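The values are calculated or read from the model by the stated rules, or taken from the named source; none is laboratory data. If you're wondering where the values come from, they're calculated on a predicted model, not measured in any experiment. Virtual Cβ from ideal backbone geometry, glycine too; neighbours counted across all protein chains shown.
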Amino acid sequence: MWRKEMKKSRKNCLLAAVLIILVSTLFQTLPASGCLQRDKKPPKIHWVHRYPQQPEYEDSVLVLAYVTDSGSGVANVSLRYIVNGQTAKTLVMDKKNGVYFAEIPPLPYNSTVAYVVSACDKAGNRACSSEYAYTVGDSHPPIITYVQRVPAKPNYNDTVIITANATEPPYASGVKELTLSYNCGSCWKNVSMELTGTLYTAAIPEQPFGTTVQYRICAVDRAGNVAAFDIYTYTVEDQYLPVATIITPRDGSFLSRSVDIKLYAHDDNLKEARLAIDGTFLALWNQTGIQTYTLNTSTLGEGIHKLTLEVVDEAGNRAENLVYVVVDNTAPIAEIQWPMDGSFVSGFVPVKLRAEDANFECMELRIRDSIYAWNVKYQIFTWNTSSLSDGPCQVTLTAFDKAGNKAERSITVVVDNTAPTIGNLTWMPLQPTANETAKVYAQIADMGSGVKEATLWYRRLDEEEWQRTSMALENGNWTATIQGFEEGAIVLFYVECCDKTGNTATSTIKHYVVGASAAAKGFTGIPLYWLALAVLAIFAILASTAYYLRKRKRAAPLTSTFLVSSL
């Protein structure tokens, strides 16, 4: 009986030892297994933009994408685009200042481009953006390169042949048609010009003697853009009657200050040519040809005035030419409403312009060597300062009216496209304990507009959302505090700052591991070799007990039972 009890006791002891080893091994390996987590989350494509929004045939399209990955990190970002649903190309996007970019080259007018941005992280996860598309436009009119009239001075029985040519760049929509518009004094008429070889031609029919013919060439491309050439004028001549023409100014012209009035009078037997304004005599000539008279408009009131040229020959035939002009000696108003004089600018800057005049013509903006012009009174121009070096830059607005008066306004701004620099990023203590805060220090410098603000971003490794806190300038360092975390937490953090013009800089991501508190450092677990020694000791005791029981096998059962129970 005592042998059965001995075997039962031995089995219980062995079972207890095995359980102790299993529990201890599990206790030692549990923390390590919790760290073996695989990144299964793809990168995040926050946004995709393109510039310009409405590309034209001459534009390279810049595609920007902001992509992040909180796990293994972004491995690569690519741009895939398809032209007219046929030709597909893939570009590897470069990264600058945290933004990925690539350029789609210029394409022909009316090309349809669809593109998608895709991103892969270092764990092989892939993310794709929505599909974007645009159609290549053409807002530039054709260029009229050549205009000729034959004969140069038509007679009353001449048919006038007008020859012209217009061109467009290779990727543009192409010239569709040219139209000749002419006015013989009553109304404007339009004639489609025919393509003969490489030139377009059209005819103006015979006109009566003394008719002043105005004509102009209009060219239209396949995108509907229209280019109109200057108005040309000729007067139909007759050998029996004089010719009277006011060459300049033209009818409807705006005049200011001193103006040269050029006129043409002709007849084989010319008697006189008389020039008058509003019925008041100005000058008299008795020779044929072009004459010039300098008119001082300051002696006239502002508004509409009538110039009259009368030519009379010896036979009493008369020719007269009337031109209505507008006198305007008031200069326009020119204002640069934004940016302010002396301000700092960077990136894309809206330049707000205003010009005012009763007879406004156009305004011209000059920025260093670049000139931009508009024929509207109000304009907001997006100025890309990234192509300029940092430093002072003069911006000049000049407003013109139709009479040639002008006004100028200049400001000086400071271009600052350089981001601040972040150096010497440290934190104290280097290994905070549980629930202990960490103070972060960073040295930030900006040689332009100056540092506006700095932000500290931090989060735990196992969290996705970053927390932010504003940094303060203390003794030359920007500082902020990271809240305390529990023991074992891995804390990631970085510093982001911007200057007063909006240039942004971001530091590299730092991290630290939260250590144990002083109270928790007393027990660090049972070493594995101690457990092995304990098992060997148990087996030694069991072996000794078995030997002892064999030596006392003749002893009383009660005594044996007592010994085993005591053991």
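So the values come out like this:
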| read-out | value |
| --- | --- |
| Given (1) within 27 Å of the chain's Cα centre (by Cα); (2) among the small types (G, A, S); (3) assigned by TED's automatic domain parsing to the domain that holds P350; (4) part of a strand (DSSP E or B), index of the condition A454 fails | (3) |
| Candidates F254, F281 - the one that is touching a Lys or Arg at 6+ places or on another chain (Cβ under 8 Å), outside the structural domain of E177 (by TED's automatic domain parsing) and without any contact (Cβ under 8 Å) to a residue 12 or more places away in the chain | F281 |
| Pick from segment 491-510, criterion β-branched (V, I, T) and closer than 18 Å to M428 by Cβ, ranking: nearest to the chain's Cα centre (by Cα) | V495 |
| Residue match in segment 390-403 (condition: out of contact with any Leu (no Cβ under 8 Å at 6 or more places or on another chain), surrounded by fewer than 17 Cβ atoms within 10 Å (Cβ to Cβ) and in contact (Cβ under 8 Å) with a residue 40 or more places away in the chain) | yes |
| Within segment 191-214, tally of residues that are free of Cβ contacts under 8 Å to residues at least 60 places away in the same chain and assigned to a strand (DSSP E or B) | 13 |
| Candidate set from segment 252-281 (those that are surrounded by fewer than 17 Cβ atoms within 10 Å (Cβ to Cβ) and in contact with a Ser or Thr (Cβ under 9 Å, 6 or more places away or on another chain)); member that is farthest from A403 (Cα to Cα) | D268 |
| Unmet criterion (only one of (1) in a strand (DSSP E or B); (2) without any contact (Cβ under 8 Å) to a residue 12 or more places away in the chain) for L322 | (2) |
| Some residue of segment 436-443 being part of a strand (DSSP E or B), outside the structural domain of I490 (by TED's automatic domain parsing), out of contact with any helix residue (DSSP H, G or I) (no Cβ under 7 Å at 6 or more places or on another chain) and of a type in the set (G, A, S) | no |
| Answer from I290, I304, I371 - the residue that is β-branched (V, I, T), without any contact (Cβ under 8 Å) to a residue 12 or more places away in the chain and in contact with a strand residue (DSSP E or B) (Cβ under 9 Å, 6 or more places away or on another chain) | I371 |
| Test: V376 is in the same structural domain as V349 (by TED's automatic domain parsing), among the aliphatic types (A, V, I, L, M) and either part of a strand (DSSP E or B) or touching a helix residue (DSSP H, G or I) at 6+ places or on another chain (Cβ under 8 Å) (or both) | no |
| Scan of segment 462-489 for residues that are under 34 Å from the mean Cα position of the chain (by Cα), part of a loop (DSSP other than H, G, I, E, B) and under 23 Å from G73 (Cβ atoms), ordered by number | E463, E464, E465, W466 |
| Sole residue being of a type in the set (A, V, I, L, M), outside the structural domain of G252 (by TED's automatic domain parsing) and in a strand (DSSP E or B), chosen from A407, A403, A358 | A407 |
| Some residue of segment 232-244 being without any contact (Cβ under 8 Å) to a residue 60 or more places away in the chain, in a strand (DSSP E or B), surrounded by fewer than 18 Cβ atoms within 10 Å (Cβ to Cβ) and within 51 Å of the chain's Cα centre (by Cα) | yes |
| Flag if L309 is buried (at least 17 other Cβ atoms within 10 Å of the Cβ), of a type outside the set (V, I, T), within 20 Å of C184 (Cβ to Cβ) and under 60 Å from the mean Cα position of the chain (by Cα) | yes |
| Test: V226 is of a type in the set (V, I, T) and buried (at least 16 other Cβ atoms within 10 Å of the Cβ) | no |
| Filter pass, T382 being under 30 Å from N97 (Cα atoms), within 19 Å of the chain's Cα centre (by Cα), modelled with pLDDT under 95 and not in a loop (DSSP other than H, G, I, E, B) | yes |
| Extreme residue, nearest to T398 (Cα to Cα), among residues of segment 340-386 that are of a type in the set (V, I, T) and surrounded by 14 or more Cβ atoms within 10 Å (Cβ to Cβ) | I367 |
| Listing of strands (runs of 3 or more DSSP E) fully contained in segment 36-119 that carry 2 or more residues being buried (at least 18 other Cβ atoms within 10 Å of the Cβ) | 44-51, 61-68, 74-83, 99-104 |
